[in-house]
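A.B. asks: Okay, handing you the structure first.
The values are calculated or read from the model by the stated rules, or taken from the named source; none is laboratory data. Since this is a predicted model, take the numbers as computed values, not measurements. Note that we place each Cβ from the backbone using ideal geometry, even for glycine, and neighbour counts take in every protein chain shown.
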Amino acid sequence: MKLVAFAASNSRKSINKQLVTYAASLVEGAEVEVLDLNDYELPLFSEDREAELGHPELAKAFLSKLAASDAVMISFAEHNGSYSAAYKNLFDWSSRMGKKVFQDKPMVMLATSPGARGGASVLTAATGSAPFFAGHVKASLAIPNFYENFDVERGMLRNEELKAQLTEAVSRLSVLEPA
């Protein structure tokens, strides 16, 4: 199985990238490619810019990565209760080439933050909207209190209960039904 994973953040020190990289490593037998949103930085989307630029090559490249995968894993950064501007902008550009951004792929959606809710607000929005964009969410999980529950030096969860929940969530990608 080819798994594309990324953090919906452009922070170079993204805790969501740390989480999604770890989570993707738990999918047995997967060939994992971890994308960096900084490689897909685009001008701020508007209909005027779209009329000027058409469909940017970076948005096409992002959609090609999703198309070449068997499954997708995203960990969402929460900015003021919503998506990061970097993710939302890439998503907006991508959605202009077709509503099926997630291309009927099975998905695991995650979120984390330093706070007690772990990005639960953005995760709720993401899991709720994914089906409208041809995403099949197999599992979702918010990891609260990132710095208390994640061993940054070892790149893994230290909280055994959360580790078990994450292992269960990512295992749902291993049981892929035909599209």
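A.B. asks: Does region 142-149 contain at least one residue that is crowded, with 23+ Cβ neighbours inside 10 Å, touching a helix residue (DSSP H, G or I) at 6+ places or on another chain (Cβ under 7 Å), in a helix (DSSP H, G or I) and not hydrophobic (A, V, I, L, M, F, W, C)?
C.D. replies: Taking every residue of region 142-149 in turn, none turns out to be crowded, with 23+ Cβ neighbours inside 10 Å, touching a helix residue (DSSP H, G or I) at 6+ places or on another chain (Cβ under 7 Å), in a helix (DSSP H, G or I) and not hydrophobic (A, V, I, L, M, F, W, C).
A.B. asks: When both residues are 6+ apart or on different chains and their Cβ atoms are under 6 Å apart, which pairs have a first residue that lies in region 2-23 and is in contact (Cβ under 8 Å) with a residue 12 or more places away in the chain, and a second that is of a type in the set (F, W, Y) and buried (at least 22 other Cβ atoms within 10 Å of the Cβ)?
C.D. replies: Pairs found: A8/F76; A8/Y87.
A.B. asks: With farther than 16 Å from F6 by Cα, at pLDDT below 95 and among the small types (G, A, S) as the only criterion, which of A120, A179, A164 stands out?
C.D. replies: Values: A120 fails: at pLDDT below 95; A164 fails: at pLDDT below 95.
Result: A179 is the single residue among A120, A179, A164 that is farther than 16 Å from F6 by Cα, at pLDDT below 95 and among the small types (G, A, S).
A.B. asks: Is at least one residue of region 62-73 surrounded by fewer than 16 Cβ atoms within 10 Å (Cβ to Cβ) and part of a helix (DSSP H, G or I)?
C.D. replies: Of all residues in region 62-73, those surrounded by fewer than 16 Cβ atoms within 10 Å (Cβ to Cβ) come to 64, 67-68, 70.
Filter again for part of a helix (DSSP H, G or I), leaving 64, 67.
Checking region 62-73: at least one residue is surrounded by fewer than 16 Cβ atoms within 10 Å (Cβ to Cβ) and part of a helix (DSSP H, G or I).
A.B. asks: So in region 11-27, with the set limited to residues that are assigned to a loop (DSSP other than H, G, I, E, B) and either charged (D, E, K, R) or within 12 Å of the chain's Cα centre (by Cα) (or both), which one is nearest to F146 (Cα to Cα)? Full working, then the answer.
C.D. replies: Residues of region 11-27 that are assigned to a loop (DSSP other than H, G, I, E, B), as a first pass: 11-14, 26-27.
With the extra rule that they be either charged (D, E, K, R) or within 12 Å of the chain's Cα centre (by Cα) (or both), the set shrinks to 12-13.
Values: R12: 16, K13: 13 Å.
The residue in question is K13.
A.B. asks: Mind listing just one residue for me: the one in region 89-132 that is farther than 24 Å from D48 by Cα, among the β-branched types (V, I, T) and not in a strand (DSSP E or B) and, of those, farthest from the chain's Cα centre (by Cα)? First the steps, then the outcome.
C.D. replies: Of all residues in region 89-132, those farther than 24 Å from D48 by Cα come to 102-132.
Filter once more, keeping what is among the β-branched types (V, I, T): 108, 112, 122, 124, 127.
Within this subset, residues satisfying the condition of being not in a strand (DSSP E or B) are 122, 124, 127.
On the way: V122: 11, T124: 13, T127: 11 Å.
If we take residues in region 89-132 being farther than 24 Å from D48 by Cα, among the β-branched types (V, I, T) and not in a strand (DSSP E or B), then T124 is farthest from the chain's Cα centre (by Cα).
Yes/no per residue for (1) among the basic types (K, R); (2) more than 27 Å from A139 (Cβ to Cβ); (3) at pLDDT 95 or above:
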residue: L26; (1), (2), (3): no, no, yes
residue: A30; (1), (2), (3): no, no, yes
residue: L35; (1), (2), (3): no, no, yes
residue: S46; (1), (2), (3): no, yes, yes
residue: K65; (1), (2), (3): yes, no, yes
residue: D70; (1), (2), (3): no, no, yes
residue: I74; (1), (2), (3): no, no, yes
residue: E78; (1), (2), (3): no, no, yes
residue: M97; (1), (2), (3): no, yes, yes
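A.B. asks: Go through (1) among the hydroxyl-bearing types (S, T, Y); (2) within 21 Å of A134 (Cα to Cα); (3) in contact with a Leu (Cβ under 9 Å, 6 or more places away or on another chain) and name the single condition S82 misses.
C.D. replies: (3)
Okay, residues lined up against (1) in a helix (DSSP H, G or I); (2) in contact with a strand residue (DSSP E or B) (Cβ under 7 Å, 6 or more places away or on another chain); (3) closer than 27 Å to E168 by Cβ:
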residue: N38; (1), (2), (3): yes, no, no
residue: P43; (1), (2), (3): no, no, no
residue: E52; (1), (2), (3): yes, no, no
residue: Y87; (1), (2), (3): yes, yes, yes
